[in-house]
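Okay, so here's the structure we're looking at.
The values are calculated or read from the model by the stated rules, or taken from the named source; none is laboratory data. Note that the structure is a prediction, hence the values are computed from the model and not measured. Note that we place each Cβ from the backbone using ideal geometry, even for glycine, and neighbour counts take in every protein chain shown. Each accessible area value is taken on the protein alone, full model and side chains, heavy atoms only, with ligands, DNA and RNA left out. Shrake-Rupley method; radii C 1.70, N 1.55, O 1.52, S 1.80 Å.
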Amino acid sequence: MDKPAADTLFTGSIPELYDTHLVPLIFAPYAADLAARAAALEPARVLETAAGTGALTRALAGALSAQAELTATDLNPPMLDRAMATGTARPVRWQQADAMHLPFDDACFDLVVCQFGAMFFPDKAHAFAESRRVLRPGGMLLFNVWDRIEHNEFADTVTTALAGLFPADPPRFMARTPHGYADTALVARDLANAGFAMAPHIETIAARSRAPSARVPAVAYCQGTLLRSEIEARAGADLAEATSVCATAIAGRFGAGEVDAKIQAHIVMVRR
């Protein structure tokens, strides 16, 4: 299914809420995982695409060798601005860039890494081909994507709750985009179509998503993702009401105090 253009527009208060709520909720454990994998490759020059608010960038800054050069890019200036304002433990070259049209020379990076960005690429094979182009021979593309929404319990609960609130036109952003690229056979086919001759190594890793209350994931998903735009575009309930309905649903499934849910993602490594 084609994705609306709005599925790539992280603006307004979304970058701040994304960084303060969603990053610790679901991105932090996978950022640590990717950073450890990246460091083990001992790259000299690293490019991060779709860096968002810098969750993986900060993990890479702490894990890579002191000599490694790190360039972090994102399509959306507001997300990159938030990442730069937060900062990193070491110098990073920040640059606005579209993963579909990377403004870098051929064969100039040892590693291209991307955390939960590939799902947003409008033409994934083309984006992967761009990553391949800027990789030196023998270089590595390393990225992760979310597994199906039913394996990511907060996202699934929120999506189900909103379908009950807006039955005529359920907001489907989470299922459509963040969890819409979970087919590993399709990922492998897109990589082959991008020119990667070697088969990718793909691991599926489950983790836990924890928060002090049900409201935290409700705010994270309803207000800190592009689901917010879909909620605000619908009549019948406003953003605050939708957030409350989702918090109630999360509490009903996971408890009224601290909440703990499963998350799951695929980690993909492929050599140029």
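A compact table of results
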read-out: Ellipsoid semi-axes in whole angstrom, largest first, where each is sqrt(5λ) of the Cα gyration tensor of the chain; value: 31, 19, 17
read-out: Charge dipole magnitude, Cβ of K and R +1, D and E -1 - the range 51-171, Cα centre, debye nearest 20; value: 380 debye
read-out: Among Ser209, Ala44, Thr157 - extreme Cα towards positive end, dipole of the chain, charges at beta-carbon; value: Ala44
read-out: Solvent-accessible area of Arg210 with every protein chain in place, 1.4 Å probe, in Å² to the nearest 10; value: 140 Å²
read-out: Vicinal HN-Hα couplings computed from phi for the range 37-48 (Karplus, 6.51 cos²θ - 1.76 cosθ + 1.60; Hz; Gly/Pro x); value: 5, 4, 4, 5, 7, 6, x, 8, 10, 10, 10, 9
read-out: 1.4 Å probe accessible area per residue over the range 112-256, in Å²; value: 39 Å²
read-out: Fraction of beta bridges assigned by DSSP in the chain that are antiparallel (%, nearest 5); value: 50 percent
read-out: Cα gyration tensor, the range 43-136 - rounded (a/c under 1.5), prolate or oblate; value: oblate
read-out: Within the accessible area of the chain (1.4 Å probe), percent carbon and sulfur; value: 53 percent
read-out: Between helix 239-254 and the chain: long-axis angle, C-alpha atoms, 0 to 90°, nearest 10; value: 90 degrees
read-out: Per-q log10 I(q)/I(0), the range 183-272, q = 0.18, 0.23 Å⁻¹ (Debye; single scatterer per alpha-carbon; no solvent); value: -0.82, -1.01
read-out: Solvent-accessible heavy-atom area per residue, rounded to whole Å², over the range 6-104 at 1.4 Å; value: 40 Å²
read-out: Sequence-distant residues sharing a close amide H with Gly224 (under 5 Å, placed H); value: none
read-out: Options Ala235, Phe254, Gln264, ranked by Cα towards positive dipole end of the range 216-272, top entry (Cβ charges); value: Gln264
read-out: Cα-derived Rg to Rh of the range 47-200, Kirkwood definition; value: 1.01
read-out: Cβ charges +1 (Lys, Arg) and -1 (Asp, Glu), total dipole of the range 126-260, debye; value: 400 debye
read-out: The range 57-108: C-alpha pair distances exceeding 13 Å, %; value: 60 percent
